[in-house]
Amino acid sequence: MTFVRPARRVLIAAASMSALFVAAACGGGGGGGAPAGGGTSAAAADFTKQGDTEWWTGKDLSGNNKNLVDQFNAQHPNGKVILHELPNQADQQRQQMIQNTQIKNPKMGILEMDVVWTAEFAAKGYAEAMPPDTSTEGMLKATVDAATYFGKLYGLPSTSDGGLLYYRKDLLDKYGIAAAPTTFDEMKAACDKIQAGEKNDKLGCYAGQFDKYEGLTVNFDEAVHGAGGVIVGDDGKPNVATPEATKGLQTLTDWFKDGHIPAAAITWQEPQSQVAFTKGNLIFLRNWGYVYALNQKKDGSSAVVGKFDVAPLPGIIGPGVSSLGGHTKAIAKYAENKGTALDFLKFISSPEAQKSNTLATSQSPVLESLYSDPDLVKKYPFLPTQLKSIQTAKPRPKAVEYGDVTLAIQDAAYGALQGQTQPDAALQALQAKLQTLIK
Amino acid sequence: MATATAEPRSLPATEGDGHKHKKNALSDGQGRLAWMLLAPTLIVIFVVAGIPVAMSIRESFFQTNSGVDPTTGLIAAGDKFVGLQNFTDIFKGQNPVTGSYGTMDRFWNAFLNTTFITIVCVILETIIGVAMALIMAKAFRGRGVVRAGILVPWAIPTIVSALMWKLIFDANGVMNKIIGKQILWLADSGASFWAIVIADTWKTAAFIGLLTLAGLGTIPAEVYEAAKVDGATTWQQFVRITLPMVKPTLVVAVLFRTLDTLRMFDLPYGMIGAGKYRVETLSVFSYQEAAQSRYGPAAAYAIILFIYVLVVAYLFVRILGADVIGDADVAKKKKKKKGDEEPAGPPATALEMAGGAH
């Protein structure tokens with residue numbers, strides 16, 4: 001060390017120390033970049049090896065995951081499935097799965113994939129392609145498509161979901177509106193009639209999820225499809241700068257402007273929009289199936305028990321189109337005991353497991369036959385409507401860099417909904433961006 | 001760094017005992033002992049900070065493969081060396097976003113957010129913190145309760161306070177009820193910026209307050225008595241006596257806050273959410289890039305933030321003379337020999353105070 005004034009040297013050293021920890025802390029997230037799992041390695045996976053393996057999934061909110069694992073383990077002595085719980089946020093689940101692929105964790109056996117992760121997990125080699133003889137008989141086509149990438153199946157669908165229109169049947173009846181609206185125009189007319197009669201400032205017309213997160217992508221996607229547009233065409237090329245797509249986004253923007261969608265909805269995710277409806281402050285709500293049970297809760301938390309019903313989503317021209325939700329279970333690339341993992345996937349998609357899971361969690365099954373199962377329909381009267389929603393549902397864009405794609409969509413939609421950009425300009429910018437992301 | 005910690009303690013000893021020809025305190029036996037005693041700490045620092053930083057720097061020169069095979073749809077594994085491209089890409093504006101400052105590259109947007117949030121927060125925290133300290137320094141009943149109470153926000157983990165403020169700033173939350181109109185704080189608007197500032201100031205003004213309070217305690221009462229005799233007003237006393245004498249402590253407190261705020265992550269991410277460009281800081285941006293498996297660029301941004309923090313810290317030390325370790329004592333003792341007038345009782349070092357405050 002050269003002999004600078006000691007005081008200065010001490011200070012500089014101390015300051016750089018504190019700065020150092022910044023980089024170390026940040027680097028922790030960014031560093032450790034072992035090469036991603038090889039997508040090109042052609043070695044065939046061994047689907048015979050039995051032994052204990054872990055099921056990586058989000059928090060077991062209903063407690064039913066444990067039941068499923070126990071049932072499987074009881075009838076499968078030569079290899080057990082161990083429940084490995086991850087945080088509740090999908091982003092964090094995804095990150096942990098990616099990190100554990102990078103360190104080739106052999107214990108990570110079964111991955112609970114969101115439907116939109118398929119392309120990324122397949123292309124980057126996080127998930128193993130299923131054996132060619134895997135049967136998807138009786139499963140909803142949309143869910144199987146969502147688990148397919150370049151003609152290969154990467155996992156078995158385990159739950160599905162579609163958007164539903166929750167509506168205040170009591171109010172519609174009161175004002176002589178015979179049926180739930182099938183288009184946005186009908187919905188607007190119904191709202192105007194009801195709001196004029198009710199004279200209740202707090203009673204909003206319609207809301208979905210418009211905060212800047214995955215829910216906005218879903219709602220935008222539905223608006224575009226409901227207006228006859230697409231985000232990505234059947235040929236796999238982005239095609240969102242069209243008059244149809246613009247009409248979809250324009251409609252949502254107009255509804256925000258004239259107050260048919262409450263201004264606060266720009267900050268709403270699923271729970272906030274659900275609370276607004278459950279408290280009786282909304283006439284129409286777009287949400288998923290799980291909201292049904294919350295609206296029917298008889299512990300005083302719901303003001304709409306027995307006063308609401310569900311219908312398929314309304315469209316902007318013609319009937320609405322839902323975005324497809326749900327989960328696929330995939331086998332991790334570096335799982336040691338893929339035989340046990342495969343057996344568990346088959347077990348989960350069996351009618352018995354599907355039925356017990358729906359009964360316990362209200363998650364929609366992937367087997368079409370169960371939507372008319374008397375026990376299930378008795379407990380969840382919305383299931384037949386849900387089936388229609390899922391059968392016509394469109395997947396969100398399939399992209400390897402899905403995170404970039406969904407952020408680009410959110411950028412465009414959020415700016416337009418807040419009135420910062422014109423819908424057509426926003427969609428042209430989105431089209432340009434998507435062309436660089438989806439090739 | 002070893003010398004950094006070792007020197008202040010050993011210097012006074014060598015000064016007085018006739019070994020003045022020895023310029024370096026490390027060359028005597030005590031230095032070697034100090035090295036040995038410090039070795040475990042140094043090894044830990046090397047392992048938990050040195051290696052990750054070195055790996056981050058290495059990582060910032062690489063990019064993950066991204067080309068999709070057109071027949072199988074798969075991506076070849078591995079990453080490739082790209083030199084400084086992750087750094088030079090910042091200037092190409094490939095990723096324009098629209099935030100509070102118009103449309104610009106996402107990196108620069110985050111850089112400006114980081115800078116402005118830091119400036120506004122630290123100024124407000126300093127003013128409020130000093131005010132808190134002045135109040136707490138007064139002798140009144142229940143002073144202990146006030147001091148403890150002021151610490152409560154500081155004790156709450158930031159991510160918890162982020163979620164707490166998220167409820168307060170909700171469209172139907174307490175804040176809007178109080179001000180009587182609906183401001184959409186969480187909607188990535190201009191108000192989001194102020195929501196961050198309010199939440200951060202609420203949490204950390206107390207930190208500056210407590211450090212300043214410790215500094216105030218070292219100002220001898222005679223000085224104020226003399227000022228009163230001379231007819232100085234309260235304002236004059238504050239500007240001419242309190243501020244200059246509390247400055248060494250205050251500057252260190254402000255330095256710590258500045259370094260901390262530059263790294264801000266929890267509040268924007270936890271309260272406002274990801275992808276909201278009006279409050280996206282460099283830490284959040286870097287995290288988001290890493291989440292997209294772009295570890296190279298993410299590491300590059302983290303390193304730029306690291307350098308930025310380093311430069312700010314250095315400027316603080318050079319311009320404001322922040323005395324982080326407390327060897328101003330040593331300097332003062334030297335001066336004393338020359339017969340300088342010094343107030344009685346050397347002020348406690350900032351670090352000792354900070355240690356006491358935690």
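Computed from the coordinates by the stated procedures, all read-outs in this text should not be read as laboratory data. Since we're looking at a predicted model, the values are computed, not measured. Cβ placement follows ideal geometry from the backbone for every residue including glycine, while neighbour counts extend to all protein chains displayed.
Annotations for the structure displayed:
- Distance from region B:40-67 to region B:223-275 (C-alpha centre basis), Å: 35
- Counting, for every residue in B:291-298, the Cβ atoms of other protein chains within 10 Å of its Cβ and taking the mean gives 6.
- Förster radius 45 Å - calculated FRET efficiency between B:T218 and B:L33, Cβ distance, rounded to 0.05: 0.90
- In this simple spin-label approximation, A:T48 and A:E186 carry label points 7 Å from Cα along the Cα→Cβ vector, and these lie 5.8 nm apart.
- Distance between region A:386-431 and region A:255-307 - C-alpha centres, whole angstrom: 23
- For region A:223-230, backbone phi angles converted through the Karplus equation (6.51, -1.76, 1.60; θ = phi - 60°) give residue-by-residue couplings of 5, 5, 5, x, 9, x, x, 9 Hz, Gly and Pro being listed as x.
- Cross-link table A:K307/A:K379; A:K141/A:K257; B:K203/B:K276; A:K279/B:K181, entries beyond 27 Å C-alpha to C-alpha: A:K141/A:K257
- Debye equation applied to the C-alpha atoms of chain A, log10 I(q)/I(0) at 0.06, 0.07, 0.08 Å⁻¹: -0.30, -0.40, -0.51
- Each of A:H225, A:H84 has some number of other Cβ atoms within 10 Å of its Cβ, and from fewest to most they run A:H84, A:H225.
- Diffusion coefficient, µm² s⁻¹, Stokes-Einstein with Kirkwood Rh over alpha-carbon pairs of the protein assembly as shown at 4 °C and 1.567 mPa s: 43
- In nm, spacing of pseudo-spin labels at A:I317 and A:Q92 (7 Å Cα→C-beta vector): 4.5
- Cross-link reach list, lysines versus B:K228, counting only Cα pairs under 27 Å and skipping chain neighbours closer than eight places: B:K138, B:K247
- Using θ = phi - 60° and Karplus 6.51 cos²θ - 1.76 cosθ + 1.60, couplings along region A:125-142 (whole Hz; Gly, Pro as x): x, 8, 10, 8, 5, 6, x, x, 8, 5, 8, 10, 4, x, 7, 4, 4, 4
- Region A:46-97 and region A:181-203 have Cα centres lying 46 Å from one another.
- Highest-MSF residue in chain A out of A:Q428, A:Q92, A:Q209 [GNM, Cα springs under 10 Å]: A:Q92
- Net charge contributed by nearby residues that have their C-beta within less than 13 Å of B:F81 (K/R +1, D/E -1): 0
- Cut-off 15 Å between beta-carbons: net charge of the residues surrounding B:I51, Lys and Arg +1, Asp and Glu -1: 0
- Per-selection Rg to Rh, region B:206-301 - Cα, Kirkwood hydrodynamic radius: 1.29
- Taken about its Cα centre, the protein assembly as shown carries a charge dipole of roughly 2280 debye when the Cβ of each Lys and Arg holds +1 and the Cβ of each Asp and Glu holds -1.
- Couplings for region A:248-263, taken from phi via the Karplus curve 6.51 cos²θ - 1.76 cosθ + 1.60 with θ = phi - 60°, read x, 5, 4, 4, 4, 4, 4, 5, 5, 5, 8, x, 5, 9, x, 4 Hz in order; Gly and Pro are left as x.
- With a Förster radius of 45 Å applied to the C-beta separation of B:F238 and B:L84, the computed FRET efficiency comes to 0.35.
- Rounded D (µm²/s) - region B:92-357, Kirkwood Rh over Cα pairs, Stokes-Einstein at 10 °C, 1.306 mPa s: 77
- The label point for A:D60 and the one for B:V145, both projected 7 Å from the Cα toward the Cβ, are 4.7 nm apart.
- Note on A:K297/A:I82: beta-carbon distance plugged into 1/(1 + (r/R0)^6) with R0 of 51 Å gives a FRET efficiency of 0.95.
- Other-chain or far-sequence residues with amide H under 5 Å of A:L83's (modelled H): A:W55
- Remark on A:H327: its backbone amide H falls under 5 Å from those of A:S158, A:T159, A:S160, a criterion applied only to residues 5 or more positions apart or on other chains, H modelled at 1.01 Å from N.
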